[in-house]
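Colleague: Structure incoming, see below.
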Amino acid sequence: MTDDIFENPGLSTLGVRAGVHQTPELENSDPLYLTSSFCFKSAAQAAAVFAGEADGNIYSRFTNPTVRVFEERLAALEGGEACLATSSGMSAILTVVLGLLASGDHIVSSRSLFGTTTGLLQSLAKFGLETTFVDATDSSAWERAITPRTRLLFLETPSNPLTEIADIAALAALAHAQPNCLLVVDNCFCTPALQQPLALGADIVVHSATKYLDGQGRCIGGALVTRADLVRDKFFPFLRAAGPSMSPFNAWVFLKGLETLTLRMNAHCASAGRIAAWLARQPQVARVYYPGLPDHPQHALAARQQRGFGGIVSFEVQGSRAAAWRVIDSTRLFSITGNLGDTRSIITHPASTTHGRLSAAAKAEIGVTETLIRLSIGLEDVADLEADLGQALARVAT
Ligand SMILES: *Cc1c(COP(=O)(O)O)cnc(C)c1O
């Protein structure tokens with residue numbers, strides 16, 4: 001913040017103002033430091049900064065002023081001590097795992113995850129990092145899976161694509177009952193505008209900034225938010241050496257996204273809630289998955305844990321994969337793409353795209369069926385989205 005008049009600024013204020021470091025040019029919008037390295041006044045100063053005895057930027061793989069503004073702003077929004085920006089959401093998750101764990105350590109993870117996250121955790125087995133996957137909504141399954149070697153509990157809530165809700169506070173208590181176990185929450189679907197996992201007891205929040213933080217489908221990036229000592233001692237040294245750093249250009253784009261985050265999330269929630277209720281009344285629709293619907297199995301938990309129900313709605317059409325593809329191909333306003341969290345509404349067939357690499361058994365276990373369609377509701381007029389889905393659904397049998 002440029003001043004400290006406000007002791008407890010709201011999220012919209014933080015989204016616009018947090019982390020600002022105005023230069024002597026007195027610019028009003030954040031500057032973009034598009035530079036790979038930084039200069040020193042003397043050889044002695046270079047030596048002191050390299051040795052860590054003086055503050056200063058060295059090289060943009062390590063630190064960059066534009067990236068730092070993004071980090072400070074996201075840390076403020078999540079209510080965390082420190083943030084580390086990364087090149088993608090996946091590299092944020094990789095940084096958490098490789099920065100903290102060693103061969104022989106164990107992870108317990110929700111089985112309902114972004115498909116690539118499941119694949120990444122499975123692939124770590126060859127380095128001696130085993131993951132046990134459990135039903136995110138079943139606290140006793142988490143408890144049974146924990147062993148003395150368990151160092152991380154990992155989850156997304158709401159999950160992708162079925163919007164299952166995990167109880168963050170209950171799982172934080174479970175993690176902290178172990179001597180050396182942390183809870184990691186992927187907060188991609190809610191963003192801090194709707195849910196602050198750290199305040200509920202989580203230790204680390206990870207983000208794909210690619211989604212709602214950008215919000216306009218432009219750049220790939222990620223971040224983790226956690227305690228300052230973990231960033232300093234575990235995650236920054238990994239980033240500095242391994243190099244999954246955020247580009248300053250992308251950080252600048254994400255800063256523009258954060259300025260409108262609360263406004264956009266409120267609009268996504270309002271439209272998604274209306275679309276979900278409308279879909280539930282359509283004869284071609286067999287089932288709707290949206291935490292805001294009263295018949296969602298974790299509706300009460302979502303209402304307690306989140307400030308809004310989010311912009312992602314999934315549903316099953318009557319019939320087969322052909323019917324689902326027919327609906328997808330018949331929409332005109334929805335983009336057929338695997339991304340989410342964009343101003344443009346998006347329609348996706350998870351079983352053949354985002355979750356296509358999972359085995360048939362794994363898909364069946366997590367409920368990703370051939371008739372499932374995922375919607376990421378954008379910022380178009382909701383009446384137009386309803387009309388478009390209506391004409392697309394009319395092309396399949398009831
Ligand atoms: C997209 C996504 C990721 C991965 O992020 P990238 O920026 O694509 O690397 C991780 N988790 C969730 C929930 C996602 O939707």
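The values are calculated or read from the model by the stated rules, or taken from the named source; none is laboratory data. Since the structure is predicted, the reported quantities are computational estimates derived from the model, not experimental observations. Note: ideal-geometry Cβ built from the backbone for every residue, glycine included; neighbour counts use all protein chains shown. Heads up: the accessible areas ignore ligands, DNA and RNA and are worked out on the full protein's heavy atoms, side chains in. Shrake-Rupley method; radii C 1.70, N 1.55, O 1.52, S 1.80 Å.
Colleague: So, Val205, is that one within 12 Å of the ligand (Cβ to nearest atom), touching a residue at least 12 places away in the same chain (Cβ under 8 Å), in a strand (DSSP E or B) and of a type outside the set (Lys, Arg) or not?
Modeller: The answer is yes for Val205.
Colleague: Quick one: in the range 75-89, which of the residues that are within 13 Å of the ligand (Cβ to nearest atom) and buried (at least 21 other Cβ atoms within 10 Å of the Cβ) is nearest to the chain's Cα centre (by Cα)?
Modeller: Only one residue tops the list, namely Gly89.
Colleague: Being without any contact (Cβ under 8 Å) to a residue 60 or more places away in the chain and within 16 Å of the ligand (Cβ to nearest atom) is the filter here; which residues of the range 90-106 pass it?
Modeller: Answer for the range 90-106, where residues must be without any contact (Cβ under 8 Å) to a residue 60 or more places away in the chain and within 16 Å of the ligand (Cβ to nearest atom): just Val97.
Colleague: Take the residues of the range 141-155 that are open to solvent by 10 Å² or more (accessible area, probe 1.4 Å) and not β-branched (Val, Ile, Thr): which is farthest from the ligand (Cβ to nearest atom)?
Modeller: Here the answer is Pro148.
Colleague: When the range 90-114 is examined, which residues are found to be open to solvent by 10 Å² or more (accessible area, probe 1.4 Å) and of a type in the set (Gly, Ala, Ser)?
Modeller: Scanning the range 90-114 gives Ser91, Gly99, Ala102, Ser103, Gly104.
Colleague: Let me ask something else about it. Within the range 115-133, how many residues are open to solvent by 10 Å² or more (accessible area, probe 1.4 Å) and more than 12 Å from the ligand (Cβ to nearest atom)?
Modeller: Adding up the residues that qualify gives 10.
Colleague: Considering only the range 370-387, how many residues are in a helix (DSSP H, G or I) and more than 26 Å from Ser159 (Cβ to Cβ)?
Modeller: Taking the range 370-387 and keeping what is in a helix (DSSP H, G or I), we get 382-387.
Now restrict to residues that are more than 26 Å from Ser159 (Cβ to Cβ): 383-384, 387.
Selection size over the range 370-387: 3.
Colleague: Of these, Leu182, Leu213, Leu200, Leu174, which one is crowded, with 24+ Cβ neighbours inside 10 Å and either within 14 Å of the ligand (Cβ to nearest atom) or of a type outside the set (Ser, Thr, Tyr) (or both)? So that I can check it myself, show each step before the final result.
Modeller: Numbers: Leu182 fails: crowded, with 24+ Cβ neighbours inside 10 Å; Leu200 fails: crowded, with 24+ Cβ neighbours inside 10 Å; Leu174 fails: crowded, with 24+ Cβ neighbours inside 10 Å.
Answer to the selection: Leu213.
Colleague: May I pose another question? Take the residues of the range 45-74 that are among the aromatic types (Phe, Trp, Tyr) and away from the ligand (no atom under 16 Å from the Cβ): which is most open to solvent (accessible area, probe 1.4 Å)?
Modeller: Here the residue is Phe50.
Colleague: Filter the range 369-393 down to residues that are more than 15 Å from Ala280 (Cα to Cα), β-branched (Val, Ile, Thr) and open to solvent by less than 10 Å² (accessible area, probe 1.4 Å), then give me how many there are.
Modeller: Count: 1.
Colleague: Cβ-Cβ under 7 Å, sequence separation 6+ or interchain: first residue in the range 109-122 and charged (D, E, K, R), partner part of a helix (DSSP H, G or I) and more than 9 Å from the ligand (Cβ to nearest atom). Which pairs?
Modeller: Close Cβ pairs satisfying both conditions: Arg111/Glu365; Arg111/Ile366.
Colleague: Are any of the residues in the range 245-259 within 15 Å of the ligand (Cβ to nearest atom), over 28 Å from Ser110 (Cα atoms) and not in a helix (DSSP H, G or I)?
Modeller: yes
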